[in-house]
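A.B. asks: What follows is a structure written as structure tokens; I'll ask about it next.
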Amino acid sequence: MDSQIYGATILLLLFLTSPITALPKNPTPNLAQINSNSVLVALLDSHYTELSELVEKALLLQTLEQAVANHNITIFAPKNEALERAMDPEFKRFLLEPGNLKSLQKLLLFHIIPGRVSSNHWPKESFETSLHNTLCKDTQEQLTLHHAKFGVKSVGLANVVRPDDVVRADGLIHGIERLLVPRSVQEDFNRRRSLRSISAVLPEGAPEVDPRTHRLKKPASPVPVGSAPVLPIFDALAPGPSLAPAPAPGPGGPHHHFDGHSQVKDFIQTLLHYGGYNEMADILVNLTSLATEMGKLVSEGYVLTVLAPNDEAMAKLTTDQLSEPGAPEQIMYYHLIPEYQTEESMYNSVRRFGKVRYDTLRLPHKVVAEEADGSVKFGQGDGAAYLFDPDIFTDGRISVQGIDGVLFPAEETTPAAKVSPVAKVAAKPRRGKLLEVTCRMLGALGQESRLTSCH
């Protein structure tokens with residue numbers, strides 16, 4: 001009996017001691033060392049929110065936890081502006097695509113050094129440099145620490161704007177002004193972009209049958225190289241607030257002969273260098289997708305004249321005018337004329353014909369131009385704008401004319417509105433201002449009388 005009790009006691013002791021001997025084989029204790037004072041937790045809670053979101057999207061939290069558990073790390077964190085507005089939109093889309101997760105991980109790990117490098121560890125002299133390996137194992141590139149002009153600390157091509165911004169026992173964070181892109185990621189991006197630029201050959205569509213005659217439709221005659229499009233520009237507009245290019249041609253059909261995207265990019269850069277039109281450029285590129293849509297139209301062979309309001313005029317726009325869905329696009333469409341006009345051609349037209357009505361991409365509204373004080377005036381009344389900076393950009397396909405006001409189309413009057421104007425106002429209220437409704441009705445009556453006088 002005593003031997004049985006003794007044997008059971010030995011088995012119980014072996015059972016209790018066996019988990020203790022197995023602890024070193026369990027990899028979880030390394031992760032247990034991560035506490036609330038870790039530099040990794042500080043990064044996720046810091047003002048580098050854009051970098052923190054990218055780290056989470058790249059699924060790197062576990063990798064960084066293991067790195068912090070093994071040694072100190074030094075993180076070079078780009079400021080939010082560098083990742084939010086200064087980054088190339090096409091490059092950002094490339095990084096966020098699910099198929100490019102490996103490139104995103106390499107990019108982020110390239111900003112982390114497996115060691116503690118404080119501001120005191122920078123080279124003392126301006127001509128000295130120091131090389132450091134990164135957590136990115138897929139590239140042989142190293143980060144170069146050196147001094148830029150006026151003794152500013154730099155890493156690679158980026159200046160350090162906040163040295164030793166976050167300091168913890170297991171690492172620290174330096175704030176830098178821009179993103180560090182390793183050569184391997186840049187090559188991946190260039191390779192993907194070059195593949196996209198190669199236009200795929202689309203198969204010929206099935207023969208179309210005319211439902212009236214039940215015969216095959218004849219194919220369209222080929223268009224000579226460089227000639228204007230057969231269809232008007234309005235047939236290239238998608239039904240909605242955005243533009244779309246004409247259908248892609250099949251093999252043997254007419255192909256693109258204009259690089260519309262480069263031309264649009266050139267005129268936007270011209271606006272920025274010219275000065276005073278930054279708001280217009282910002283709306284075309286950032287607030288809307290009009291820049292891309294304009295590039296597609298020009299690539300199809302269409303021409304455009306842009307009436308560009310200056311920054312002083314754009315600053316007068318209210319929040320209500322821009323907050324409605326599609327409002328920025330509709331405002332810009334009214335400033336796009338599907339013709340190629342220069343300051344000389346428009347001035348000669350208004351001198352000869354008095355008033356000229358130009359079509360706009362905001363159908364069916366037209367913009368009225370007339371001569372005034374030796375210049376061209378667009379619109380009427382208080383909403384008029386004058387040609388302020390003529391021929392800012394003219395390349396034969398796109399013409400940009402600077403004006404000193406934002407144009408809005410006059411409200412149209414329909415027969416239904418004459419019978420029951422109250423129902424129209426109730427169906428589409430405009431911020432509930434009685435004075436604005438009254439002005440609109442007076443403007444409609446004025447437009448009706450103007451049309452009657454023209455007849």
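The values are calculated or read from the model by the stated rules, or taken from the named source; none is laboratory data. Keep in mind it's a predicted model, so treat the numbers as computed, not measured. Here Cβ is always computed from backbone atoms with ideal geometry, including for glycine, and neighbour counts include all displayed protein chains. In case anyone asks, the SASA skips ligands and DNA or RNA and just uses the protein heavy atoms, side chains included. Shrake-Rupley method; radii C 1.70, N 1.55, O 1.52, S 1.80 Å.
A.B. asks: Search region 366-381 for residues being open to solvent by less than 70 Å² (accessible area, probe 1.4 Å) and of a type outside the set (G, A, S), and hand back the single one that is farthest from the chain's Cα centre (by Cα).
C.D. replies: Kept after step one, since they are open to solvent by less than 70 Å² (accessible area, probe 1.4 Å), are these residues of region 366-381: 367-370, 372, 374-379, 381.
Checking which are of a type outside the set (G, A, S) leaves us with 367-368, 370, 376-378.
Working: V367: 29, V368: 32, E370: 36, V376: 34, K377: 33, F378: 30 Å.
Residue satisfying both the conditions and the ranking: E370.
A.B. asks: I'd like the full set of residues that are touching a residue at least 60 places away in the same chain (Cβ under 8 Å) and either hydrophobic (A, V, I, L, M, F, W, C) or at positive phi (or both), limited to region 110-159.
C.D. replies: Initially, region 110-159 is screened for residues touching a residue at least 60 places away in the same chain (Cβ under 8 Å), giving 110-111, 135, 143, 155, 158.
Of everything in region 110-159, those that are touching a residue at least 60 places away in the same chain (Cβ under 8 Å) and either hydrophobic (A, V, I, L, M, F, W, C) or at positive phi (or both) turn out to be F110, L135, L143, V155, A158.
A.B. asks: Can you tell me which residue in region 78-91 is farthest from L44 (Cα to Cα), limited to those that are assigned to a helix (DSSP H, G or I) and open to solvent by less than 60 Å² (accessible area, probe 1.4 Å)?
C.D. replies: Keep residues of region 78-91 that are assigned to a helix (DSSP H, G or I), which gives 80-84, 89-91.
Okay, now just the ones that are also open to solvent by less than 60 Å² (accessible area, probe 1.4 Å), so 80, 82-83, 90-91.
Details: N80: 13, A82: 17, L83: 16, E90: 26, F91: 24 Å.
Per the stated criteria, the residue is E90.
A.B. asks: Select from region 55-77 the residues that are in contact with a helix residue (DSSP H, G or I) (Cβ under 9 Å, 6 or more places away or on another chain) and part of a loop (DSSP other than H, G, I, E, B) and list them in ascending order.
C.D. replies: A58, L59, L60, N72
A.B. asks: OK, next. Of the conditions (1) part of a strand (DSSP E or B); (2) under 29 Å from E187 (Cβ atoms), Q105 clears all except one; give me its number.
C.D. replies: (1)
A.B. asks: Could you please give the count of residues in region 258-310 that are open to solvent by 40 Å² or more (accessible area, probe 1.4 Å), out of contact with any helix residue (DSSP H, G or I) (no Cβ under 8 Å at 6 or more places or on another chain) and acidic (D, E)?
C.D. replies: So the count comes out to 2.
A.B. asks: Which one is modelled with the lowest pLDDT, of the residues in region 311-357 that are aromatic (F, W, Y), open to solvent by 20 Å² or more (accessible area, probe 1.4 Å) and outside any loop (DSSP other than H, G, I, E, B)? Give the steps one after another, and end with the answer.
C.D. replies: Within region 311-357, the first condition is being aromatic (F, W, Y), and the residues that meet it are 333-334, 340, 347, 353.
Cutting the leftovers down to open to solvent by 20 Å² or more (accessible area, probe 1.4 Å) gives us 340, 347, 353.
Remaining after also requiring outside any loop (DSSP other than H, G, I, E, B): 347, 353.
Values: Y347: 91, F353: 88.
Among those residues, the one meeting the criterion is F353.
A.B. asks: Does region 382-399 contain any residue that is over 20 Å from Q263 (Cα atoms), surrounded by fewer than 18 Cβ atoms within 10 Å (Cβ to Cβ) and modelled with pLDDT under 90?
C.D. replies: Yes, the conditions are met somewhere in region 382-399.
A.B. asks: Regarding region 139-151, can at least one residue be identified that is under 12 Å from F76 (Cα atoms) and of a type in the set (G, A, S)?
C.D. replies: no
A.B. asks: With (1) at pLDDT 90 or above; (2) more than 23 Å from F94 (Cα to Cα); (3) open to solvent by 60 Å² or more (accessible area, probe 1.4 Å) as the list, and L59 as the residue in question, which single condition is left unmet?
C.D. replies: Only one criterion in (1) at pLDDT 90 or above; (2) more than 23 Å from F94 (Cα to Cα); (3) open to solvent by 60 Å² or more (accessible area, probe 1.4 Å) is unmet by L59, namely (2).
A.B. asks: Let me ask you something else. Looking for something open to solvent by 30 Å² or more (accessible area, probe 1.4 Å) and assigned to a helix (DSSP H, G or I) - is there at least one such residue anywhere in region 155-178?
C.D. replies: Looking through region 155-178, none of the residues is open to solvent by 30 Å² or more (accessible area, probe 1.4 Å) and assigned to a helix (DSSP H, G or I).
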